[in-house]
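K.L.:
One structure coming up, written as structure tokens, with questions to follow.
The values are calculated or read from the model by the stated rules, or taken from the named source; none is laboratory data. Quick caveat, the model's predicted, so the values are computed rather than measured. Virtual Cβ from ideal backbone geometry, glycine too; neighbours counted across all protein chains shown.
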Amino acid sequence: MELWNTGAYLKNGNLVPQAEAEGMQEKASLREEGRKNTMAYRILQSHNTSGDPKKLKIKFDKITSHDITYVGIIQTARASGLERFPIPYVLTNCHNSLCAVGGTINEDDHMFGLTSAQKYGGIYVPPHQAVIHQYAREMMAGCGKMILGSDSHTRYGALGTMAVGEGGGELAKQLLGRTYDVNLPEVIAVYVTGEVQKGVGPQDVALALVGATFGSGFVKNKVMEFVGPGIKALSMDFRIGIDVMTTETTCLSSIWETDEKTEEFFAIHGRPEEYAALSPLDNAYYDGVIALDLSKIEPMIAMPFHPSNVYTIAELKANLKDVLHDVEAKAKVSLGEKAPFSLTDKIINNQLYVDQGIIAGCAGGGFENICDAADILRGKSIGSGKFTLSVYPASMPIYMQIMKNGVAADLTAAGAVMKTAFCGPCFGAGDTPANNGFSIRHTTRNFPNREGSKLQNGQISSVALMDAKSIAATALNKGFLTSAAEIDLNLTKPAYYFDKTIYENRVYDSKGKADTMAEIQFGPNIKDWPAMSELTDHLLIKVVSEIHDPVTTTDELIPSGETSSFRSNPLGLAEFTLSRKDPAYVGRAKEVYAAEKIRLEGNDPTAVNAEVKAAFTKIAADYPEVDRSKIGIGSTLYAVKPGDGSAREQAASCQKVLGGWANIAKEYATKRYRSNLINWGMIPFLYKEDTLPFTNGDYLFFPEIRKAIVTKAPTMKVVVVGNESGKADGLTGKEFEVSVGELTDDERKIILAGCLINYYREN
């Protein structure tokens, strides 16, 4: 795989480097015209309502959510004046499907979803019927369309659909008739050539892409446009399997050329009218290139604890001890001493032993992956040892077909356990291995705790990502790591027949008609968002957590897994904020927020908090003109690069309901996390120096912060005015500057109003 840092043009189906194509011509205008010839540009502009091709205001064709996110989204929109869903909105139930967790909590959420779909005119997919993205592929995607989803893996580019995964606030905007505002993104060509080797699957190609691009941010917030002659040889399931993993590169969206296989997909699924031929026009210009030669891809593995920590399986096996020691060393950076983590003890007779295999979800649960696994295991056994294998078809129509063609029976006979459509193995709510267990999974992520272990309780297990074929090969070898390239393969590739009868029988589809008389069914855990105040003239915020890991995931900010049962209870969920990364965070934030609540009641906050009193004394001495009743009090956290991973807005909203006013970061890992901060009225401060002028426990004063947001000041002054001891030290009084990066006018108004709910309620 080769990355071109310079631009290129696509001429007659071939890539031509920018310098060679432009020659002596006027370069800027040539590029501008060339950008208009990409598929991405044409689709984006067809959905842009701004009139400015570089400042996009997108209205999506459809939106989709699952049962971790839709309650909060609908509650946000209801508080902002929602009357009906203006576009098709699908509510799937694939995350909180285990209704025994948390008593009635999960099923209460499901009934909230069903009755909301009835009242506002939506589509409700009951638990176990389909994971969110498979339903969208089967029933929502369309060539040239755009879909917004409140899940980071909202990617349907292989079906000619530009899809974006964002936080719930952005979906609430669409429900309220507003727009998704973003600068015109750069477009990176993924130029595909060659054919895959036997034994190589979609996850292998995807992991190679993630490994090549994540660390450098090569495609961060850009669109990946898949073109080239190598696409035609790939089945639709193969393309989809690569496409869904583009999220892990941190790109904004993806789009692929379409062809007769795409057309066949829509015909099989009973929606032939959704097909359209898509390809870039001649002389399309790309801001960069990923030259992907499929013939060079080998079976891959992403070792703990990130999808970009990739090796070929052959490389891992050849250097087993060295690689495992390296993984253990990297893990200590984020795990610290919270739990003993070891992989080298999995080496048995110079082979790596695996405790568990999982093929599941939007990445692994496709028809072709499952059939390939069955071909490898047919008539064999996974053994009666520790190793287990579970298979989760991504939708009930897929499950129906593998029951009809015998694949489910073959897998069951081999010792695999067949389960229903569920995203649990992807986010830590299903199939947790034993302590120090090692799981190989064809799923999307392998962050810490994504398999369900609890560091705070001294429990740790880990996940490596692999393709379904290599997982089946490992199962064939009774748990000893084996790539599909090491075994004899005879893949039958049975035909797929889609039967949507079960959807017709079980899915509630309002056909866009709202029943205004319907009553929404609530449960005791479903709570309204607490009141949030507007941004004050000045801010005093305490640093209550300081994280210096290279990247901080949303799972570390608000853990996934069992906590998902509290997603409909803002204050209840907030108790888990940073619980696996910095357990002291919640108590620290609450202590500061108590002073702010006193201030909001019109009383003196310094009477209840000595630290605030000391900070106010310093402010009064240095800024006598400042009215201290107009100083908001709250908390912030510092992280080098927060927000990698999930689109879940709760990573930001939990900080907000605990009194958070801002984050301070060197950079933000994803646009969606930064958007989540803004939509909850939190300021996304940037401080790009390596050495910090403050430390955990310091109080920072931001004079005239409201004015700075209004006037679009390029930087804001910050003063260190106190610390936890309440005494002056070498830092007290020290000044430095931060910035906020580019903000749209609406984003500034949301921050000023205190959150998206306040802004839309007032407007």
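K.L.:
Search segment 473-493 for residues being in contact with an Asp or Glu (Cβ under 9 Å, 6 or more places away or on another chain) and farther than 30 Å from Leu335 by Cβ, and hand back the single one that is surrounded by the fewest Cβ atoms within 10 Å (Cβ to Cβ).
P.N.:
Restricting to residues being in contact with an Asp or Glu (Cβ under 9 Å, 6 or more places away or on another chain) and farther than 30 Å from Leu335 by Cβ, the top hit is Asn490.
K.L.:
Further question: Pick from segment 145-183 the residues that are in a strand (DSSP E or B) and polar (S, T, N, Q): which of them is farthest from Leu252 (Cα to Cα)?
P.N.:
Thr161
K.L.:
Same structure again: Determine whether segment 107-120 contains at least one residue that is in contact (Cβ under 8 Å) with a residue 40 or more places away in the chain, outside the structural domain of Cys362 (by TED's automatic domain parsing) and assigned to a loop (DSSP other than H, G, I, E, B).
P.N.:
No, the conditions are met nowhere in segment 107-120.
K.L.:
Given the criteria touching a residue at least 12 places away in the same chain (Cβ under 8 Å) and under 23 Å from Met39 (Cα atoms), does Gly215 qualify?
P.N.:
Against the criterion (touching a residue at least 12 places away in the same chain (Cβ under 8 Å) and under 23 Å from Met39 (Cα atoms)), Gly215 does not qualify.
K.L.:
Collect the residues in segment 191-225 that are hydroxyl-bearing (Ser, Thr, Tyr) and closer than 30 Å to Thr552 by Cβ, keeping them in residue-number order.
P.N.:
Within segment 191-225, Thr213, Ser216 qualify.
K.L.:
Just need a number here: residues in segment 492-518 that are of a type in the set (Ser, Thr, Tyr) and under 19 Å from Tyr89 (Cα atoms).
P.N.:
Within segment 492-518, residues that are of a type in the set (Ser, Thr, Tyr) and under 19 Å from Tyr89 (Cα atoms) number 4.
K.L.:
Still on this structure, please answer the following. Looking for whichever is outside the structural domain of Gly81 (by TED's automatic domain parsing), hydroxyl-bearing (Ser, Thr, Tyr) and within 27 Å of the chain's Cα centre (by Cα) here; the options are Ser545, Ser533, Ser510. Which one fits?
P.N.:
Exactly one residue qualifies, and that residue is Ser545.
K.L.:
Hey, could you check segment 102-142 for residues that are of a type in the set (D, E, K, R) and in contact with an Asp or Glu (Cβ under 7 Å, 6 or more places away or on another chain) and say which is surrounded by the fewest Cβ atoms within 10 Å (Cβ to Cβ)?
P.N.:
That would be Lys119.
K.L.:
Scan segment 203-222 and give yes if some residue there is part of a strand (DSSP E or B) and touching a strand residue (DSSP E or B) at 6+ places or on another chain (Cβ under 6 Å), otherwise no.
P.N.:
No, every residue in segment 203-222 fails to be part of a strand (DSSP E or B) and touching a strand residue (DSSP E or B) at 6+ places or on another chain (Cβ under 6 Å).
Yes/no per residue for (1) farther than 30 Å from Gln174 by Cβ; (2) modelled with pLDDT of 95 or more; (3) surrounded by 15 or more Cβ atoms within 10 Å (Cβ to Cβ); (4) touching a Lys or Arg at 6+ places or on another chain (Cβ under 9 Å):
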position: Glu724; (1), (2), (3), (4): yes, no, yes, yes
position: Gly730; (1), (2), (3), (4): yes, no, no, no
position: Glu735; (1), (2), (3), (4): yes, no, no, yes
position: Gly741; (1), (2), (3), (4): no, no, no, yes
position: Arg748; (1), (2), (3), (4): no, yes, yes, yes
position: Leu752; (1), (2), (3), (4): no, yes, yes, yes
position: Ile757; (1), (2), (3), (4): no, no, yes, no
position: Arg761; (1), (2), (3), (4): no, no, no, no
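K.L.:
Cβ-Cβ distance below 6 Å, separation of 6 or more or different chains: which pairs start in segment 399-417 with a residue that is more than 15 Å from Ile376 (Cβ to Cβ) and end on one that is outside any helix (DSSP H, G or I) and among the acidic types (Asp, Glu)?
P.N.:
The qualifying pairs are Met400/Asp499.
K.L.:
Of the conditions (1) assigned to a loop (DSSP other than H, G, I, E, B); (2) closer than 22 Å to Asp698 by Cβ; (3) not acidic (Asp, Glu), Ala647 fails just one. Which one is it?
P.N.:
(2)
K.L.:
Scan segment 389-410 for residues that are β-branched (Val, Ile, Thr) and not in a helix (DSSP H, G or I) and jot them down.
P.N.:
Val391
K.L.:
Kindly list the number of the only condition in (1) more than 30 Å from Met403 (Cα to Cα); (2) part of a helix (DSSP H, G or I) that fails for Glu504.
P.N.:
(1)
K.L.:
Same structure again: Out of all the residues in segment 596-639, which are among the hydroxyl-bearing types (Ser, Thr, Tyr) and either in contact with a Leu (Cβ under 9 Å, 6 or more places away or on another chain) or assigned to a helix (DSSP H, G or I) (or both)?
P.N.:
Result: Thr606, Thr617, Ser629, Ser635, Thr636, Tyr638.
K.L.:
Test Ser395 against the criterion of being of a type in the set (Ser, Thr, Tyr), surrounded by 23 or more Cβ atoms within 10 Å (Cβ to Cβ) and either in contact (Cβ under 8 Å) with a residue 24 or more places away in the chain or farther than 29 Å from Ile240 by Cβ (or both), and give yes or no.
P.N.:
The answer is yes for Ser395.
K.L.:
Tally time: how many residues in segment 75-94 are under 21 Å from the mean Cα position of the chain (by Cα) and either more than 23 Å from Cys423 (Cβ to Cβ) or part of a strand (DSSP E or B) (or both)?
P.N.:
Residues meeting the conditions: 4.
K.L.:
Let me ask something else. Pick out the one residue from Thr92, Thr104, Thr69, Thr76 that is at pLDDT 95 or above and outside the structural domain of Cys654 (by TED's automatic domain parsing).
P.N.:
Every option except Thr92 fails the conditions.
K.L.:
Where in segment 277-335 are there strands (runs of 3 or more DSSP E), lying wholly inside it, with at least 1 residues that are over 27 Å from the mean Cα position of the chain (by Cα), buried (at least 19 other Cβ atoms within 10 Å of the Cβ) and in contact (Cβ under 8 Å) with a residue 40 or more places away in the chain?
P.N.:
Fully inside segment 277-335 and qualifying: 284-286.
K.L.:
Moving to a separate point now. Any residue at all in segment 504-527 that's of a type in the set (Phe, Trp, Tyr) and either within 30 Å of Cys755 (Cβ to Cβ) or buried (at least 20 other Cβ atoms within 10 Å of the Cβ) (or both)?
P.N.:
Scanning segment 504-527 turns up at least one residue that is of a type in the set (Phe, Trp, Tyr) and either within 30 Å of Cys755 (Cβ to Cβ) or buried (at least 20 other Cβ atoms within 10 Å of the Cβ) (or both).
K.L.:
Does any residue of segment 638-648 turn out to be buried (at least 24 other Cβ atoms within 10 Å of the Cβ), in contact (Cβ under 8 Å) with a residue 40 or more places away in the chain, of a type outside the set (D, E, K, R) and in contact with a Gly (Cβ under 9 Å, 6 or more places away or on another chain)?
P.N.:
Yes: one or more hits.
K.L.:
Something else: Just a yes or no: is a residue in segment 95-104 more than 22 Å from the chain's Cα centre (by Cα) and part of a helix (DSSP H, G or I)?
P.N.:
no
K.L.:
Let me ask you something else. Can you tell me how many residues in segment 31-54 are of a type in the set (Lys, Arg) and in a helix (DSSP H, G or I)?
P.N.:
Here the count works out to 3.
K.L.:
Whether any residue in segment 252-272 is part of a strand (DSSP E or B), outside the structural domain of Leu148 (by TED's automatic domain parsing), within 23 Å of the chain's Cα centre (by Cα) and within 30 Å of Ala318 (Cβ to Cβ) is what I want to check.
P.N.:
Looking through segment 252-272, none of the residues is part of a strand (DSSP E or B), outside the structural domain of Leu148 (by TED's automatic domain parsing), within 23 Å of the chain's Cα centre (by Cα) and within 30 Å of Ala318 (Cβ to Cβ).
K.L.:
What number of residues within segment 417-465 are surrounded by fewer than 24 Cβ atoms within 10 Å (Cβ to Cβ), modelled with pLDDT under 80 and among the small types (Gly, Ala, Ser)?
P.N.:
3
K.L.:
Moving on. On the given criteria, is Ile487 at pLDDT below 90 and of a type in the set (Val, Ile, Thr)?
P.N.:
no
K.L.:
Could you list, in sequence order, the residues of segment 683-727 that are over 30 Å from the mean Cα position of the chain (by Cα), hydroxyl-bearing (Ser, Thr, Tyr) and part of a loop (DSSP other than H, G, I, E, B)?
P.N.:
Thr711, Ser725
K.L.:
Quick one: which of Gly512, Gly561 is modelled with pLDDT under 90 and either within 26 Å of Gln75 (Cβ to Cβ) or among the polar types (S, T, N, Q) (or both)?
P.N.:
Gly561
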